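To start, the structure under review is shown below, and the notes come after it.
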Number of protein chains: 2
Amino acid sequence: MQHYKRLVDHFRKTHKLEHIRAILGWDQAAMMPSGGNLARADAMAELALILHEQSTRPELDDFFAAAAEEELSTAEHQSLKEMHRVWQQSMVLPARLVEAKSLAGAKCEHAWRSQRPANDWTGFKKNLKEVVELAREEAAIRAAATGCNRYDAMIDLYEPGMTTRELDRVFEEVKTWLPDMIGTVIERQRSQTVQRPQGPFPITRQKQLGLDVMALLGFDFSRGRLDVSAHPFCGGVPTDVRITTRYDLGDFMSALMGVIHETGHARYEQNLPEALAGLPVGQARSMGVHESQSLFFEMQLARSLEFMQQLAPLAARVFGGEGDPLFSAEHLCACVTRVERGFIRVDADEVTYPAHVILRYEIERALINGDIEVEQIPELWNQKMQDYLGLDTGGNYKDGCMQDIHWTDGSFGYFPSYTLGAMYAAQQFAAAESVLPGLKQQIAEGELGDLFAWLNQSIWQQGSIYSTPELITRATGEPLNAEHFRKHLQGRYLA
Amino acid sequence: MQHYKRLVDHFRKTHKLEHIRAILGWDQAAMMPSGGNLARADAMAELALILHEQSTRPELDDFFAAAAEEELSTAEHQSLKEMHRVWQQSMVLPARLVEAKSLAGAKCEHAWRSQRPANDWTGFKKNLKEVVELAREEAAIRAAATGCNRYDAMIDLYEPGMTTRELDRVFEEVKTWLPDMIGTVIERQRSQTVQRPQGPFPITRQKQLGLDVMALLGFDFSRGRLDVSAHPFCGGVPTDVRITTRYDLGDFMSALMGVIHETGHARYEQNLPEALAGLPVGQARSMGVHESQSLFFEMQLARSLEFMQQLAPLAARVFGGEGDPLFSAEHLCACVTRVERGFIRVDADEVTYPAHVILRYEIERALINGDIEVEQIPELWNQKMQDYLGLDTGGNYKDGCMQDIHWTDGSFGYFPSYTLGAMYAAQQFAAAESVLPGLKQQIAEGELGDLFAWLNQSIWQQGSIYSTPELITRATGEPLNAEHFRKHLQGRYLA
């Protein structure tokens, strides 16, 4: 096992640099003043370079070859397999490209933070073109190495094993019922007028409510924080998980649902198997599985009438709304299950959300495969928003193609994970309910222990021991089945 | 110049890792939750190891030898000299010791954060012994390399060129007049009863006042932040300076003076010569010179009646004290020039402060030279507090030998810089006044432009181009002269 052990040491060592990168990334988004950016981008590029050098040390080739001949336990075999997968992915890119990507991404993302509010597509476009050029170069190199097409090679970074072919199949299936369903739900909700509680809701109180709900959801504050950033995210490391949100003075639900969403990501990270810390096999399985945890918390749990019976009194207390019918569980639940055709993906309800994802999927696939250029994005965006959601985004870049952070640093291939996550989450909830028959009652009473124990055992503690299909099958008894998602929407919105 | 240029590239490269270390260090103290510490300490140790490896690359030896033969400008010569000095210091320690120091320091510092409030000397002692053992090992190695004694070798890290002999001379001189002066000032102030404005002073307002005063003092918020930590400090990098303070609900002056102090450090950092960024010659000259800037801001400037005419109205507005005689400039000035024998160095007035420093100097010198052991610290501390300030700290570790962060990570040799800084600051103020005859009137009117221009040109923009004696002589017309400090105290407290 000499070489297997050397590989373990190697991955634990590079993981320390990943730790550093994660905390600095959080700092850039949540703490760093604007003038710090140039020198920081340089420092981050240097770190990326060192990480790349360490991850591609020539002796690793021999270690892997020798380890493959060693006598290993099943667990060690699983670990070795993941190490090899990660190593292959990082070997492919030349150091020059890794550094250029890091610099261009940091520059584009940083400028985006002021360009987006200024609706400055012209300024953004220039940086984005640079990012796209490098992403295409990356995709071409990765595709050549694995024999798949360019966009598939990018998907593989976030959802290993997923392909354009499979995504097309799933998304085409969704398209057969989604447009009709959106129309039917909106028609049905037309007669209900839902008046949201009136703000302003002071940020300090919104933050307190967020912390209260994180506590209810089991977030471990000795190993994490809640802060503010332009685009909410979950970052940091399992021992120190940093989640962020953004506050809207007039609407407390937006930040709150964001906090619950990120808390789902956070609990997954905080409960990964400690014994495997720092190893690829000990990490979260994939972006889709990660998103299934955030959407399990936000969609399956938090937007249910049962959970709202816990949430509503907390919100009423923080904002002085006790006794106010607008703060009743039923009413708040009606607010957060309102379906509307809107511009902003992160504000979208769970029924229209897949339309936002499919739109981005189609654009970024064409962009990476070289079928379209950056200049065409706004027009395509507008056309697809018209087609899928009947909305006009012409000229409104900040609520259109500039709304997301993902493309700014070249994370093409990520978006499909959101809708895969929604499907995995619906499937997991159905499975949990089948083994926990009193689940909905427990949720209504704030007794979440059994549910979290199920998630912990079925998903969190499994790390990357199994492939996504195996993990989902072991947890739910069957591979990915989009029908659970359709049934969930049907049950919540059309029952 | 081929080799000189290679050295420039090398130092700019390693500086990026120093950048990372600085931001992570700030995060550890100001942001990180307690559970994050172990993994973070590991990650920091890995970073320290990489930095050490890079700083001690064998080819640097040849680069320096070859660069010494190259035709260089005066500026390049100065730069090369500083690079060589820094290189020699980092070459001396074996990688094993660098990593062990980083780990032990992080462990001791982190535990100290809860041990101090718990007055847990027994727990702290165990970690500190480990830190001291490693510091002694470090001192022995450095001393052997330079032929000086062990404690001198540690001083050299913070105040290059300073020696135990010179410190003894200066501190013995101070001892000839300080005890008498303390007694006389306290006697003289006995008749004045100074009633401080009554709190509570909400933290959000204290923070607002701090930000207002930082703005008045020219802090560049596009390249820096203000946060909270157990022990206030100035960290980060010149493009992103992170200062911290701690708030006392019952006394707004404590945090405010801390903010002003750190703002002095911050302005030095923010105004170092940009063209020399990332090079040793572009960094702040020494800890003593750094402290001279913070004490220039806090002592020379902020505690003067003139500056208080700007500060008092700001404080009155923030806390609703307009018209209240307790918020008058004269009264607030009396509050912040009150001399008292106290336990806490960071809360000490400028008259008793040197006694705190001399006490620590004598203990840490004995500790590093092996004349005493960690177990003897509390007894020695108590004895010297009795001798110098007439105070009993027996059993009160948290306000005694556990009050400072410096020893927790092995920064022995640092303390003398504080009193050297106070002396440099008094000397600089006297020099500035001699060329700016209307200075005190300008300060009273909040016109600080001429003064900051003088500091910028005399100190900040000089980086490490000159040695400390040269820098001080060029700025003030003479080398270190403790008489300016005595005259300053005499003028403020006994005029």
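The values are calculated or read from the model by the stated rules, or taken from the named source; none is laboratory data. Keep in mind that this is a model prediction, so the values were computed, not measured. Every residue, glycine as well, gets a Cβ built from its backbone with ideal geometry; the counts of neighbours run over all protein chains shown.
Structure data summary
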{"item": "Odd one out for B:S222, checked against (1) out of contact with any strand residue (DSSP E or B) (no Cβ under 6 Å at 6 or more places or on another chain); (2) within 13 Å of chain A (Cβ to nearest Cβ); (3) under 22 Å from B:L311 (Cα atoms); (4) not in a loop (DSSP other than H, G, I, E, B)", "result": "(3)"}
{"item": "Whichever residue in region A:461-474 is hydrophobic (A, V, I, L, M, F, W, C) and closer than 21 Å to A:A275 by Cα and, among such residues, is farthest from the chain's Cα centre (by Cα)", "result": "A:I465"}
{"item": "Which numbered condition A:G250 misses (of (1) closer than 27 Å to A:R116 by Cα; (2) in contact with a helix residue (DSSP H, G or I) (Cβ under 8 Å, 6 or more places away or on another chain); (3) not in a helix (DSSP H, G or I))", "result": "(2)"}
{"item": "Pair list, Cβ under 6 Å, 6 or more apart: region B:393-407 residue in the same structural domain as B:Q376 (by TED's automatic domain parsing) and without any contact (Cβ under 8 Å) to a residue 24 or more places away in the chain, other residue surrounded by fewer than 20 Cβ atoms within 10 Å (Cβ to Cβ) and part of a helix (DSSP H, G or I)", "result": "B:G394/B:N382"}
{"item": "Test: residue in region B:46-63 that is buried (at least 17 other Cβ atoms within 10 Å of the Cβ), touching a residue at least 12 places away in the same chain (Cβ under 8 Å) and not in a helix (DSSP H, G or I)", "result": "yes"}
{"item": "Test: residue in region A:433-441 that is in contact with a helix residue (DSSP H, G or I) (Cβ under 6 Å, 6 or more places away or on another chain) and β-branched (V, I, T)", "result": "no"}
{"item": "Members of region B:7-48 found to be within 7 Å of chain A (Cβ to nearest Cβ) and of a type in the set (D, E), listed by number", "result": "B:D27, B:D42, B:E46"}
{"item": "Selected residue (only one of A:F327, A:F319, A:F296 is buried (at least 18 other Cβ atoms within 10 Å of the Cβ), more than 29 Å from A:Y466 (Cβ to Cβ) and touching a Gly at 6+ places or on another chain (Cβ under 7 Å))", "result": "A:F327"}
{"item": "Residue check, B:E269 assigned by TED's automatic domain parsing to the domain that holds B:A316 and in contact with a Phe, Trp or Tyr (Cβ under 6 Å, 6 or more places away or on another chain)", "result": "no"}
{"item": "Any hit, region A:222-229, residues being out of contact with any helix residue (DSSP H, G or I) (no Cβ under 7 Å at 6 or more places or on another chain), of a type in the set (A, V, I, L, M, F, W, C) and either touching a residue at least 40 places away in the same chain (Cβ under 8 Å) or on the phi < 0 side of the Ramachandran plot (or both)", "result": "no"}
{"item": "Single residue of A:D404, A:D399 found to be out of contact with any helix residue (DSSP H, G or I) (no Cβ under 7 Å at 6 or more places or on another chain) and not aliphatic (A, V, I, L, M)", "result": "A:D399"}
{"item": "Test: residue in region B:431-440 that is touching a residue at least 24 places away in the same chain (Cβ under 8 Å), surrounded by 16 or more Cβ atoms within 10 Å (Cβ to Cβ), in a helix (DSSP H, G or I) and under 18 Å from the mean Cα position of the chain (by Cα)", "result": "no"}
{"item": "Per-region count, region B:328-338, residues among the hydrophobic types (A, V, I, L, M, F, W, C) and under 22 Å from B:T245 (Cα atoms)", "result": "4"}
{"item": "Any hit, region B:207-214, residues being away from chain A (no Cβ under 14 Å), within 22 Å of B:S417 (Cα to Cα) and surrounded by 13 or more Cβ atoms within 10 Å (Cβ to Cβ)", "result": "no"}
{"item": "Looking only at region A:151-197, and only at residues there that are of a type in the set (S, T, N, Q) and touching a residue at least 40 places away in the same chain (Cβ under 8 Å), the one that is surrounded by the fewest Cβ atoms within 10 Å (Cβ to Cβ)", "result": "A:Q192"}
{"item": "Index of the failed condition, B:G413 passing every other in (1) within 15 Å of the chain's Cα centre (by Cα); (2) modelled with pLDDT of 95 or more; (3) within 26 Å of B:K487 (Cβ to Cβ)", "result": "(3)"}
{"item": "Residues within region B:382-399 that are under 14 Å from B:K125 (Cα atoms) and either part of a helix (DSSP H, G or I) or among the aliphatic types (A, V, I, L, M) (or both), tallied", "result": "0"}
{"item": "Given (1) closer than 30 Å to B:A41 by Cβ; (2) away from chain B (no Cβ under 14 Å); (3) surrounded by 22 or more Cβ atoms within 10 Å (Cβ to Cβ), index of the condition A:L217 fails", "result": "(3)"}
{"item": "Matching residues in region A:147-165 - criterion: being in contact with an Asp or Glu (Cβ under 7 Å, 6 or more places away or on another chain) and part of a helix (DSSP H, G or I)", "result": "A:T164"}
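Matching residues to (1) surrounded by 17 or more Cβ atoms within 10 Å (Cβ to Cβ); (2) free of Cβ contacts under 8 Å to residues at least 60 places away in the same chain; (3) in the same structural domain as B:A143 (by TED's automatic domain parsing):
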| position | (1), (2), (3) |
| --- | --- |
| B:A68 | no, yes, yes |
| B:L72 | no, no, yes |
| B:E82 | yes, no, yes |
| B:V86 | yes, no, yes |
| B:L93 | yes, yes, yes |
| B:H110 | yes, no, yes |
| B:Q115 | yes, no, yes |
| B:N119 | no, no, yes |
